[in-house]
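Notes to accompany the following structure.
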Amino acid sequence: DLAAGEYLLVQGHNPAGYPTDIYNGSDGTGVILKEILKVSAGYGGGTTVPLQWQADQYHTANLPIRRVTTTQNVTIENIEMRSVGGAVAVGIYVQYGMSIVLKRIRGQGFSRGLYNLEACRDVEVDDIYSDGENNTIGFHDSVINFTIDKVQSNPRGLREHALGYPRGLLTFVNRCTSFTVSSCSLVKGPQGIRIWGCHDWTIENVVINDM
């Protein structure tokens with residue numbers, strides 16, 4: 001049975017008829033929503049579960065819901081990572097994270113990305129530097145309420161990794177919601193910024209060159 005204070009993962013699609021863009025299909029089946037919600041302290045049992053906060057994503061009915069263990073209040077900073085001669089997918093991977101800070105991180109040679117956030121909320125990404133050979137710097141999958149500031153790439157680094165799939169140096173998929181990207185210099189990559197099926201976002205003071 002569920003208990004007050006537990007965290008739930010709601011994962012599925014938008015309902016039929018939900019407004020979509022060219023990449024998502026008419027019923028939203030090209031988008032996999034992944035949202036963390038918290039059972040309210042007032043829950044005392046039963047099939048109706050009150051939540052600590054309202055869902056930010058627009059989920060279809062009758063989706064499976066399961067308990068998850070979240071990673072909370074974590075700061076990762078002052079790290080340099082290099083992968084040489086192989087297919088290491090990701091330097092830093094955070095799933096089901098809440099109140100996460102990634103700061104002053106530098107790296108090279110990851111076939112997916114320097115960092116990967118999945119189904120996280122309340123995230124701060126600041127001062128990230130790619131030395132090249134990363135198929136993306138940051139891969140954001142169904143992330144909610146976050147900021148990205150001062151992401152840069154080396155104009156003399158390798159454009160992409162020989163393995164994996166080249167993406168935008170900043171990539172956002174699966175209904176990322178409520179985010180801001182600012183003060184970035186994205187140079188020499190496969191693409192600059194790639195956004196698929198996301199809501200309520202702002203990009204400002206960003207330079208994209210040599211893609």
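The values are calculated or read from the model by the stated rules, or taken from the named source; none is laboratory data. Please read these numbers as outputs of a predicted model, since none were measured by experiment. Every residue, glycine among them, receives a Cβ derived from its backbone with ideal geometry; neighbour counts consider all protein chains shown. Surface areas here come from the heavy atoms of the whole protein model, side chains and all, with no ligands, DNA or RNA. Shrake-Rupley method; radii C 1.70, N 1.55, O 1.52, S 1.80 Å.
Rounded to the nearest 10 Å², what accessible area does T48 have for a 1.4 Å probe in the complete protein model? Near enough 110 Å² of accessible area. Largest accessible area first, the listed residues M98, M211 line up as M211, M98 when surface is computed with a 1.4 Å probe on the assembled protein chains. Sorting Y93, Y43 on solvent-accessible area from highest to lowest, probe radius 1.4 Å, gives Y93, Y43. Here the contact order of the chain, divided by its residue count and restricted to Cα pairs under 8 Å and six or more residues apart, works out to 15 percent.
Considering only the other residues whose Cβ falls under 10 Å of the Cβ of P190, what net charge follows from Lys and Arg at +1 and Asp and Glu at -1? Residues close to P190 contribute a combined charge of +3. If you sort L8, L63 by accessible surface, 1.4 Å probe, largest first, the order is L63, L8. The portion of the accessible surface of the chain made up by carbon and sulfur, rounded to a whole percent, is 47 (1.4 Å probe; DNA, RNA and ligands excluded). Among residues other than R82 with Cβ under 13 Å from its Cβ, the summed charge is -2 (Lys and Arg +1, Asp and Glu -1). The charge dipole of the chain, taken about its Cα centre with unit charges on the Cβ atoms of Lys, Arg (+1), Asp and Glu (-1) only, comes to about 380 debye. The accessible area of V90, taken with all protein chains in place and a 1.4 Å probe, comes to roughly 30 Å². Taken about its Cα centre, the range 139-191 carries a charge dipole of about 160 debye when Lys and Arg each add +1 at the Cβ and Asp and Glu each add -1 at the Cβ.
A straight Cα-to-Cα reach below 26 Å connects K188 with the lysines K103, K150, residues fewer than 8 places away in its own chain not being considered.
Per residue, the range 134-184 exposes 34 Å² of solvent-accessible protein surface, assessed with a 1.4 angstrom probe and all protein chains in place. Matching the structure-derived volume of the Cα convex hull per residue in Å³ against the labelled list (i) 119; (ii) 155; (iii) 143 gives the label (i).
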